Amino acid sequence: MTTAALTVLDHAWALLGAGAWLAAGVTAALGRARAALVLLVAGLVLTLAKAGSVAVLAGRGWWFVQEKVLLGMPLLATAALVAAVVAGPPLRAWATGAPRRLGRERAGTVALFTAGYAALAGFVVTYLVGYPLTLPTALIAVGVVAAAALLTARSLPAPHVDVVGEEAPNAGLSLSRRGFLGVAGGVVAIGATGTGASLSVLSAAPGHTVGGGPGPSRRPTVSVADLRGPDTPAPGGVRRAYGVTARKAAVRLPSGQDVDAWTFDGAAPGPHLTATEGDLVEVRLVNQDIDEGVTMHWHGYDVPCGEDGVPGLSQPAVAPGDAFLYRFRADQVGTYWYHTHYASHVGVRRGLYGVLVVAPRTDPDPADLDVVVPVHTFTGGAAVAGVEHVAAAGSSVRLRLVNTDSDPRRFALAGTSYRVVAVDGRDLQGPGETSRTAVRVAAGGRRDLVFVMPETAVALFVDGVVAVWLRPRPDAPDGEAATQDTAAWPELDLLTYGTSTPVPLRTASADRQFTLVLDRGLAMVDGRPAFAQTVNGRGHPSIPDQLVAEGDVVRFTVVNRSLETHPWHLHGHPVLILSRNGQPSSGSPLWMDTFDVRPGEVWEVVFQANNPGIWMNHCHNLPHADQGMMLRLRYDGVSTPFHGAHAAGHRHPS
Ligand SMILES: [Cu+2]
């Protein structure tokens, strides 16, 4: 069973268990001894089931169960045991007509309710707090359960006589309505106070973590504003000067619908930027009328930090009427893209994106047809749909797939076999021929597919819909390609694809190691409490910076405790994938800038800290980033003159 399925099952046991215990308490209070007894047994069974799911989950990693093992289960098991011991015998006596003891029945009823509160508290702690569990959280949870138990005891009317040996005329104990309100009010007050206290702790100044390496040195600091690109091309390269204007424009989608887009140069995608290895890329961005501000971030391109386009961190946002000059050497070959990083969850979706392709200086095997496929979804339809290309049979075709959306996309190439030659711009080693396999691309990710054009049509499906047609002749029929059930195809696993070769990186031991546990929970985001997308229980900007030093080998363990996919993206550095769920990467060395961490997955990645700066490290599901899931990786000795509450500029100015 997958970790995600186990997590759901564990939630189910917790909620059903809480329901059973509370129902047992209510039925006991209403004088239904038999029903209460049955519910007590159900509660015990569900508690055991939960213990089982927690035990299995523990095998998947401590991060998945920490709060359950340290708090939820001990609390629940104790309460359940007490309920069984205290409530069981009197209920049984009552149900079988044996002599009754009202005092004991009353204590049993309180114990049954308390087991319900304990089950509920465990669930709430898992749901709202998760990893890591802190002592204040544990104390609040235990306090709320104890307070609820006390209030329940107080709200149950005391028995007047302890009836022994005869049937009580007024069977059962009734809960007064006022009593219930008292319980609810008291518990809510305690819970709210505790939650408020926790949140104020979570919004405290974040500081930094050092990942097992040394702390900050006293070296003189360099400003990111001074970490700029060179102003000359490499020998043999040329200067590629582009002027790009951000402006609002109507964009016609393939569906025929016009959308009010935010664009680079009036189109979405924006201008197709190209360069050859060694060229100097120079882009002058002018903001015409995007009131919110705009920048250009070079996704996956390891530019100097001052060129990275993160407002409030590497530059101020470019306001209407302003301009910014980006300059960097095109020393990485491959398929990349650019997008605004200001309020990016809105700006990118509305159209502020484009493709950057850098060709090698000498290409021994250029494709006859080279096509970029920047998949993007607007409200109103897809930006790439029903595109037609003609490629003579026997010619070579390269498709550069770019996922500019916030959700993963599933590509399927029907009608031909193919090879995946590059991932996130970087070439794979020994990529083998494959067919009838789908290629999953994380939000922000890229894949380059090459194939030799067959005699019949080839269709590129995106999530089951044909986005691109390639035909050997303009009038070639759709043929078999159109009728393929690509949804049934397996997904190509990049961790086993291609040939393993040595990498120029010390992977066995890292200088620093950071764990990022991704989840949802109650946290402060931009100064407000929210049901946030969290990293280690906190939301931006209250997540501690990760401190590294130039030259460090840095390892990340990225754990997804949540039930949503998180495409993890570190700026300025590609990461080498070491393993997923403990399975080592055994194919081609896999360098990625965005890797999809699906629910329940654990990824180990490593990179070399060789690009000084202060870098965003975030989920590339951009709404998730906006809801708190981003932090900064900071090099020792680097500072930024740009600041503000919204260092990543994901919020609209108010
Ligand atoms: Cu996410």
Quick check: is even one residue across region 512-527 of a type outside the set (Val, Ile, Thr), farther than 18 Å from ASN560 by Cβ and without any contact (Cβ under 8 Å) to a residue 24 or more places away in the chain?
no
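Quick one: which strands (runs of 3 or more DSSP E) lie wholly within region 543-584 and hold at least 2 residues that are more than 16 Å from the ligand (Cβ to nearest atom), modelled with pLDDT of 95 or more and open to solvent by 20 Å² or more (accessible area, probe 1.4 Å)? Walk me through it before giving the result.
On the way: elements: 545-548, 553-560, 566-570, 575-580.
Passing ranges, in order: 575-580.
Among the residues of region 602-633, what is the count of those that are more than 14 Å from the ligand (Cβ to nearest atom), closer than 23 Å to THR340 by Cβ and either open to solvent by 10 Å² or more (accessible area, probe 1.4 Å) or at pLDDT below 95 (or both)?
Within region 602-633, the first condition is being more than 14 Å from the ligand (Cβ to nearest atom), and the residues that meet it are 602, 604-615, 632-633.
Pick out the ones that are also closer than 23 Å to THR340 by Cβ and you get 611, 613-615, 632-633.
In the following step, the residues that additionally are either open to solvent by 10 Å² or more (accessible area, probe 1.4 Å) or at pLDDT below 95 (or both) were identified as 611, 632.
Of the residues in region 602-633, 2 are more than 14 Å from the ligand (Cβ to nearest atom), closer than 23 Å to THR340 by Cβ and either open to solvent by 10 Å² or more (accessible area, probe 1.4 Å) or at pLDDT below 95 (or both).
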Given the conditions (1) among the hydroxyl-bearing types (Ser, Thr, Tyr); (2) surrounded by fewer than 16 Cβ atoms within 10 Å (Cβ to Cβ); (3) more than 32 Å from the chain's Cα centre (by Cα), every one holds for SER255 apart from (3)
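Please report, ordered by residue number, the strands (runs of 3 or more DSSP E) entirely within region 358-449 with at least 1 residues that are over 30 Å from the mean Cα position of the chain (by Cα) and surrounded by 15 or more Cβ atoms within 10 Å (Cβ to Cβ).
Details: elements: 369-375, 387-390, 396-403, 409-414, 419-423, 438-441.
Because the criterion is at least 1 residues that are over 30 Å from the mean Cα position of the chain (by Cα) and surrounded by 15 or more Cβ atoms within 10 Å (Cβ to Cβ), the strands (runs of 3 or more DSSP E) in region 358-449 that meet it are 369-375, 387-390, 396-403, 409-414.
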Residue under question is VAL86, and the condition is that it be more than 30 Å from PRO599 (Cβ to Cβ), among the β-branched types (Val, Ile, Thr) and out of contact with any Leu (no Cβ under 6 Å at 6 or more places or on another chain); does it hold?
yes
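Name the one entry in ALA323, ALA330 that is more than 22 Å from the chain's Cα centre (by Cα) and surrounded by fewer than 24 Cβ atoms within 10 Å (Cβ to Cβ). It would help to see each step written out before you state the result.
Details: ALA330 fails: surrounded by fewer than 24 Cβ atoms within 10 Å (Cβ to Cβ).
Answer to the selection: ALA323.
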Filtering region 532-542 for residues that are in a strand (DSSP E or B) and away from the ligand (no atom under 12 Å from the Cβ) leaves a count of 1
Scanning region 195-247 for residues that are touching a helix residue (DSSP H, G or I) at 6+ places or on another chain (Cβ under 9 Å) and basic (Lys, Arg) gives ARG228
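Quick one: in region 199-213, which of the residues that are of a type outside the set (A, V, I, L, M, F, W, C) and more than 10 Å from MET524 (Cβ to Cβ) is surrounded by the fewest Cβ atoms within 10 Å (Cβ to Cβ)? Write out each step before concluding.
Step one: list which residues in region 199-213 are of a type outside the set (A, V, I, L, M, F, W, C), which gives 200, 203, 206-209, 211-213.
Then keep just the ones that are more than 10 Å from MET524 (Cβ to Cβ); that gives 206-209, 211-213.
Numbers: PRO206: 16, GLY207: 9, HIS208: 17, THR209: 17, GLY211: 19, GLY212: 11, GLY213: 18.
Among those residues, the one meeting the criterion is GLY207.
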Counting only residues that are more than 32 Å from the chain's Cα centre (by Cα) and of a type in the set (Ser, Thr, Tyr), which one in region 219-244 is surrounded by the most Cβ atoms within 10 Å (Cβ to Cβ)?
TYR242
Within region 282-320, track down each residue that is open to solvent by less than 10 Å² (accessible area, probe 1.4 Å), outside any strand (DSSP E or B) and of a type in the set (A, V, I, L, M, F, W, C).
ILE290, MET296, VAL303, CYS305, VAL310, LEU313
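Taking into account only those residues within region 585-601 that are within 16 Å of the ligand (Cβ to nearest atom) and assigned to a loop (DSSP other than H, G, I, E, B), which is surrounded by the most Cβ atoms within 10 Å (Cβ to Cβ)? Working first, answer last.
Filtering region 585-601 down to residues within 16 Å of the ligand (Cβ to nearest atom) leaves 592-601.
After this cut, where a residue has to be assigned to a loop (DSSP other than H, G, I, E, B) as well, the list is 593, 598-601.
Details: ASP593: 28, ARG598: 20, PRO599: 18, GLY600: 23, GLU601: 20.
Ranking the candidates gives ASP593 first.
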Select, from VAL69, VAL56, VAL82, VAL45, the only residue that is more than 29 Å from LEU135 (Cβ to Cβ), open to solvent by 10 Å² or more (accessible area, probe 1.4 Å) and not basic (Lys, Arg).
VAL45
Taking the conditions exactly as written (of a type outside the set (D, E, K, R) and at pLDDT 95 or above), does HIS345 satisfy them or not?
no
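Taking only region 7-25 into account, find how many residues are surrounded by fewer than 19 Cβ atoms within 10 Å (Cβ to Cβ) and in contact with a Phe, Trp or Tyr (Cβ under 9 Å, 6 or more places away or on another chain). Even if it seems obvious, please write down each step before you answer.
If we filter region 7-25 for residues that are surrounded by fewer than 19 Cβ atoms within 10 Å (Cβ to Cβ), which is where we start, we get 8-9, 11-12, 15-16, 19.
If we keep only those that are in contact with a Phe, Trp or Tyr (Cβ under 9 Å, 6 or more places away or on another chain) too, we end up with 11, 15.
Number satisfying all stated conditions: 2.
The values are calculated or read from the model by the stated rules, or taken from the named source; none is laboratory data. Just so it is clear, the model here is predicted, and its values are computed rather than measured. Quick reminder, even Gly has a Cβ in these numbers, built from the backbone with ideal geometry, and neighbours come from all protein chains shown. In case anyone asks, the SASA skips ligands and DNA or RNA and just uses the protein heavy atoms, side chains included. Shrake-Rupley method; radii C 1.70, N 1.55, O 1.52, S 1.80 Å.
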